[in-house]
Amino acid sequence: MVSEVPQHATDTLASLLAAELPGRVRRHVMLSEISRWRIGGPAAIYVEPRSSAEAARVMALMADRPEPLFIMGDSTNTLFDDRGFSGVIMRIGRNLSAMEIGGKSVWAQAGVWMPHFAKAVGSAGLGGIEHTIGIPGTLGGLIVMNGGSQRKGIGVNVKEALCADEHGNFFALDQTQCGFSYRTSALQRRRVVLLEATLQFQPRSRQDVRADMLSILRDRRGKFPQKLPNCGSTFLSNPAMYEHVGPPGRVIEGAGLKGLRRGGAQISKLHANFIVNTGGATSDDVLWLINHIRSEVFIRTGYAMDCEVRHLSPEGVLRAAHESALERWRSRSSGVAR
Ligand SMILES: Cc1cc2nc3c(=O)[nH]c(=O)nc-3n(C[C@H](O)[C@H](O)[C@H](O)COP(=O)(O)OP(=O)(O)OC[C@H]3O[C@@H](n4cnc5c(N)ncnc54)[C@H](O)[C@@H]3O)c2cc1C
């Protein structure tokens, strides 16, 4: 693992965190064991708060520390690095997953598991959530990414987001302040942890919601890889590219890249915008494929595709995975096997 921070400083930080959050702090956690893609080296410190107050406390403790902090939901959109992570991974997951439905309003903690959230909202006779069915990850991750499907994003339903800032102070953002646009939000550009959200949906018959969800699930199961670890769509759909040459999956397939392998990583044979881990894939394998796809598609179409998936460096730099890939392989490489 690469780290600029002296080991004794990280030991001190781990002790401070353990004193504040007893039993919730672990050392040297292999990210390949907890991440969705099953990729990543050791994280120096891993912490799972059990309340919003504990999460805010972690933020406050980290405020003046040199170690990087990464807030993780379920990592369904995140590529960890083979070299690990030199700071603190704070997971907002099942420990923070309460929810309450009252009329058209739904309150939930950020760690609630999205498939559970979507089913509960639909079963309460509320519509507008259907497009999220089948998307893994946490509500917090979905809001931060403004995720969704069928060209919709969860942001339109968010009324208020309760966060803690880098000093551990709570504050609320309304929908406008969240700054939602296609697969992004202002929350991505601030050092904050999203803790709770209130969302608004429209009354709709349970049967109609269920019928739409089942149809979306059937469609997803036929189109997307279900068994091998992956992080969903690798590349964002670019409207101009979509109009002229089609969506990323079709364009990558058209470039003859479906099924291409690099080490343990493979461009899915089912859907070319997915990169699957067939066993033992490394972050370098995935980044290499991303770079290769991007340059082949650019040569053929003139469009440079950007990644939806984000890569976390050992030093805490989080950026669209193609940017990390570009940095590593500025020129085209060889050694590709089908
Ligand atoms: C099989 C599969 C299918 C998918 N299909 C879709 C799809 O149809 N549509 C779609 O939009 N996405 C899809 N995705 C991508 C992914 O599921 C979503 O982006 C998801 O919402 C991310 O949630 P997460 O909890 O896993 O986030 P993570 O990957 O853990 O985090 C994503 C980002 O959000 C930040 N973050 C997470 N939680 C918090 C928090 N509480 N506070 C502050 N920051 C936070 C992280 O720091 C990171 O920057 C798919 C992924 C997979 C594996």
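The values are calculated or read from the model by the stated rules, or taken from the named source; none is laboratory data. These numbers come from a predicted model, not from an experiment. With ideal geometry, Cβ positions are generated from the backbone for all residues, glycine too; neighbour counts draw on all protein chains shown. The accessibility values were calculated without ligands, DNA or RNA, using every heavy atom of the protein model including side chains. Shrake-Rupley method; radii C 1.70, N 1.55, O 1.52, S 1.80 Å.
Before moving on, here are some points about what is shown:
To keep it simple, each residue is scored yes or no on (1) near the ligand (Cβ under 10 Å from one of its atoms); (2) open to solvent by 30 Å² or more (accessible area, probe 1.4 Å).
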residue	(1), (2)
Met213	no, no
Ile216	yes, no
Ser233	yes, yes
Val245	no, yes
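Conditions (1) assigned to a strand (DSSP E or B); (2) within 30 Å of Asn230 (Cα to Cα), marked per residue:
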| residue | (1), (2) |
| --- | --- |
| His8 | no, no |
| Leu13 | no, no |
| Leu16 | no, no |
| Ala19 | no, no |
| His28 | yes, yes |
| Arg50 | no, yes |
| Met59 | no, yes |
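- Of the residues examined, Ile39 is one that is touching an Asp or Glu at 6+ places or on another chain (Cβ under 8 Å) and aliphatic (A, V, I, L, M).
- Residue ID - nearest to the chain's Cα centre (by Cα), chosen from residues in segment 60-93 that are of a type in the set (S, T, N, Q) and within 11 Å of the ligand (Cβ to nearest atom): Asn77
- Checked against the criterion of being open to solvent by 40 Å² or more (accessible area, probe 1.4 Å), in contact with a helix residue (DSSP H, G or I) (Cβ under 6 Å, 6 or more places away or on another chain), charged (D, E, K, R) and more than 15 Å from the ligand (Cβ to nearest atom), segment 256-276 has at least one qualifying residue.
- Some residue of segment 1-19 being of a type in the set (Val, Ile, Thr), within 16 Å of the ligand (Cβ to nearest atom) and surrounded by 16 or more Cβ atoms within 10 Å (Cβ to Cβ): no
- Test: residue in segment 314-321 that is open to solvent by less than 10 Å² (accessible area, probe 1.4 Å) and within 22 Å of Arg38 (Cα to Cα): yes
- 1 or more residues within 10 Å of the ligand (Cβ to nearest atom) and buried (at least 22 other Cβ atoms within 10 Å of the Cβ): qualifying helices (runs of 4 or more DSSP H) within segment 94-197: 114-123, 139-145
- Being touching a Leu at 6+ places or on another chain (Cβ under 8 Å) and basic (Lys, Arg) is a property that holds for Lys159.
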